[in-house]
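Q: Take a look at the following structure, please.
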Amino acid sequence: MLNIEKHANDIVKEGFTTITMPPGMLRYVDRIVTEYDRIDAEIKKTFSFQSKDDGFLSFGHEYSESPDRLDLCERFCYWLANSAAHQESSFVHSEFYQAVISYEKLCDEIGQRIMNAICAQYGKKPLPSGRESSYVQLCVYSETYWKPDRKFMQDPHEDGHFLTMLKPTSDGLAFIFGDEIRPIELAADKMIIFSGSLLTELTDGEISATRHAALTPKVPTMRKSLMYFVNPNMDQPIASLTKRRPIDFRHLANERHISFGNPPLIQPESNELKEMSGKASNQ
């Protein structure tokens, strides 16, 4: 059983924590990374919704620092918010898609519990669920994209979310602390969860975003990295945990999403939400 309070405390103090994944969750990870290799190229082409940053996204659409230094991977993204529209495709019955659905549900449960525990450490009640604006992302670093002259397959950056829940198939993740590059090694049953820039906003700068990167291996290697990004609720007003200032997470999340070369995350803020922001409260 996960010690949620301990993991929340680790994130508050260190910015990250490592959890032992439940066996069922590990089975979904294995199914996702295995079934991905069996998916036909034509399916990847048709189940692709670039304008929504959803489905299969080919190489060359995202970067971490500079548009001239693309992330050396292709991606698959799953947003619960888009799942109704997915039903038009027979692909939703595939083992891959069904495993992603199950994995998303488990990640949301763990991520929400950790966020609730973080709020409790600040003496605040849980935030409204942000599941509709959170999503699964699988990054696939194929041998095809290997570039030995690049130090990183994905340049150093901070994720623009509350939390990133990450499970890689092999080494490559590194945390960046000033000039230090610290490779992260995870056991087969471990997942690492770390802070993003929106958590920094929520805590008025008390929890720093964890800067990280994906190192280029010495030889061409297939590496997959499965992530779940925990985002805030975009439709309810939220105040910071210490100074109680209203935060426009709708704008901030969209700004950070676009900064990676992605399409807009959400539509511009409505007048109704602008009015709500002046009454922000998470009790």
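The values are calculated or read from the model by the stated rules, or taken from the named source; none is laboratory data. Computed from a predicted model, the values in this text were never measured in an experiment. Using ideal geometry, Cβ is built from the backbone for each residue, glycine included, and neighbour counts are taken over all protein chains shown.
Q: If you check every pair at least six apart or on different chains, which have Cβ atoms under 9 Å apart with a residue in the stretch 211-231 that is closer than 18 Å to Leu106 by Cβ first and a residue that is surrounded by fewer than 22 Cβ atoms within 10 Å (Cβ to Cβ) and basic (Lys, Arg) second?
A: Qualifying pairs under 9 Å: Val230/Arg131; Asn231/Arg131.
Q: Could you check, for the stretch 20-41, whether at least one of its residues is β-branched (Val, Ile, Thr) and part of a strand (DSSP E or B)?
A: There is at least one residue in the stretch 20-41 that is β-branched (Val, Ile, Thr) and part of a strand (DSSP E or B).
Q: Pairs, please: C-beta under 6 Å, at least 6 apart or cross-chain, first residue farther than 21 Å from Ser134 by Cβ and in the stretch 35-56, second of a type outside the set (Phe, Trp, Tyr) and at pLDDT 95 or above?
A: Sorted first by the residue in the stretch 35-56, then by its partner, the pairs are Glu35/Glu95.
Q: Residue check, Pro23 against (1) more than 24 Å from Glu132 (Cα to Cα); (2) touching a strand residue (DSSP E or B) at 6+ places or on another chain (Cβ under 9 Å); (3) free of Cβ contacts under 8 Å to residues at least 24 places away in the same chain, all met but one. Which one?
A: Of everything listed in (1) more than 24 Å from Glu132 (Cα to Cα); (2) touching a strand residue (DSSP E or B) at 6+ places or on another chain (Cβ under 9 Å); (3) free of Cβ contacts under 8 Å to residues at least 24 places away in the same chain, Pro23 misses just condition (2).
Q: Right, here's the next one. Which of (1) touching a Cys at 6+ places or on another chain (Cβ under 6 Å); (2) farther than 28 Å from Ala213 by Cα is the odd one out, the single condition Cys73 does not satisfy?
A: So Cys73 meets the others, but not (2).
Q: Something else now. Among strands (runs of 3 or more DSSP E) lying entirely in the stretch 138-215, which contain 3 or more residues that are within 25 Å of Asp68 (Cβ to Cβ) and touching a Ser or Thr at 6+ places or on another chain (Cβ under 8 Å)?
A: Correct list: 152-157.
Q: Separate question: Identify the single condition in (1) within 19 Å of the chain's Cα centre (by Cα); (2) over 30 Å from Asp149 (Cα atoms); (3) crowded, with 17+ Cβ neighbours inside 10 Å that Ala209 does not satisfy, given that it satisfies every other one.
A: The number of the failed condition is (2).
Q: Yes or no: Glu158 in contact with a helix residue (DSSP H, G or I) (Cβ under 6 Å, 6 or more places away or on another chain), touching a residue at least 24 places away in the same chain (Cβ under 8 Å) and surrounded by fewer than 23 Cβ atoms within 10 Å (Cβ to Cβ)?
A: Taking the combined requirement at face value, the residue satisfies it.
Q: Ok, one more. Return yes or no: is Thr216 among the β-branched types (Val, Ile, Thr) and surrounded by 15 or more Cβ atoms within 10 Å (Cβ to Cβ)?
A: yes
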